[in-house]
Structures are given as structure tokens and as C-alpha cells.
Amino acid sequence: MKLGIEKRNQVILAASLGVVALLVIAYWFMPSSATIASTTPVTSATDSRALAGNAARPGAHHGSGSTSAKKGRPAQDLDPTLHLQELALAEQVKYEGSGRNIFISQADAVIPTPQGNGTTDKNKPGDKKDTVIQIPQPTPPPPIPLKFFGFANRPGEPKRVFLIKGEDTFIAGEGEIVDRRYKVVRISGTSVEIQDLVVSGPPQSIPLTQGNPS
């Protein structure tokens, strides 16, 4: 009894192993869909458009049922970014230029010269006249109330001059300030240039006064 049960178990195990072995063999020898797709030759864009046109034509029938199922699918190009209609329109565009060849030297265009003097628009009756803006002239600075009565330096020393204002007498050289507002700018043999620091303006030249100061 025990021998019969063991024998039956062995038969069942052997049968199971055989079924597994057959499945493995069938898996290895069965061609996959990826291999079939890779070995299928790629048709050109023209052939694909022709096939799509035949599929879209009414009355075109094929024997297999799978072909009839593909009629409703739109035609697919190999490059989805390629727009054939736009390419066809671009090929039909023609350039219409002026006919001037920029690579060949040609004479420059002649600019017409004016026949007379140019004229400006004049005021017509009823037009508003242009407003003339007059810029006020700057007021001349007041004269410097100083008199130049001679030199106060010895020979070989820097030049210094006598300047008199009313009853006041000043001795100053170039660059010095007199009466807290008049600057001696330049001393020459016959005149002295003095600038008023309170009233902005150019230096004024004061000539040498001959005679005794009064």
C-alpha cells in the first residue's frame, strides 16, 4: 500500500516537472513582438503616405480583418515634428526682388540738387506770432573804489603796491586781499588788476595814478 502511494507521488512530480520544462522551452523558442518589430523593414515617408491614401480611399478592401481596423487611424510620419503641408507651401514661395545685384558695383543714385534757396513757413493771417524771448543782459559790476599810487617794494623784492580808498591806505602784493573784499590778482608796471570777491565778475584793471594822493 505504501509503495503504491509513493509511486503515484513520483508520477505526479515527474509530470509537473515535464510541464514546467515544456513551458520554458516554448518561452525561449517563441519569437517576441519586439524582435519582430526590429526585423520589420522601415518604409519611407512616401510609402507611408501612399498606404495612408489607399486606406482612406473608399472601396479599398483587403482580405485581412486587421487592415480594415486600421482604416480609421490617421497617417503617422516617422518624424512627428515634420509638417509636410508647411514644407510644400514654403517650396511654392518665390522671391521677387528689385533685380539689383549687390555683388556688382553700380553707379550711386543721383540726388537732385535744390533749385533755389530754401524758404520757411511764414505767418499767415490769423496765425499766432512767435513769442520772442529776450534774455536780460547781466548788470556790469560796480567800479572798484581803489586807486593805484605806486610801488611799495624795494628792487629785487616781490612787487607790492600802494592802494588808497578814501582816507585809507593799503599795501598789498599779488594774491593778497584788501579791505576784506578786493583781491590783488596781477601787478604790472602801469596797472594792477583787482577782483571784487563780493560781486562776481572778472578782474578790473586800475591804472597807475600820477601825482600825490588827495
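The values are calculated or read from the model by the stated rules, or taken from the named source; none is laboratory data. Just so it is clear, the model here is predicted, and its values are computed rather than measured. Glycine also receives a Cβ, built like all others from the backbone with ideal geometry; neighbour counts cover every protein chain displayed. These area figures cover heavy atoms from the full protein model, side chains too; ligands, DNA and RNA do not enter into them. Shrake-Rupley method; radii C 1.70, N 1.55, O 1.52, S 1.80 Å.
Summary table
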item	result
Test: residue in the range 63-70 that is at pLDDT 70 or above and open to solvent by less than 100 Å² (accessible area, probe 1.4 Å)	no
All strands (runs of 3 or more DSSP E) inside the range 168-214 with 3 or more residues being more than 27 Å from THR139 (Cα to Cα) and touching a Cys at 6+ places or on another chain (Cβ under 6 Å)	none
Options ARG160, ARG180: the member that is exposed (fewer than 15 other Cβ atoms within 10 Å of the Cβ) and either among the charged types (D, E, K, R) or in contact (Cβ under 8 Å) with a residue 60 or more places away in the chain (or both)	ARG180
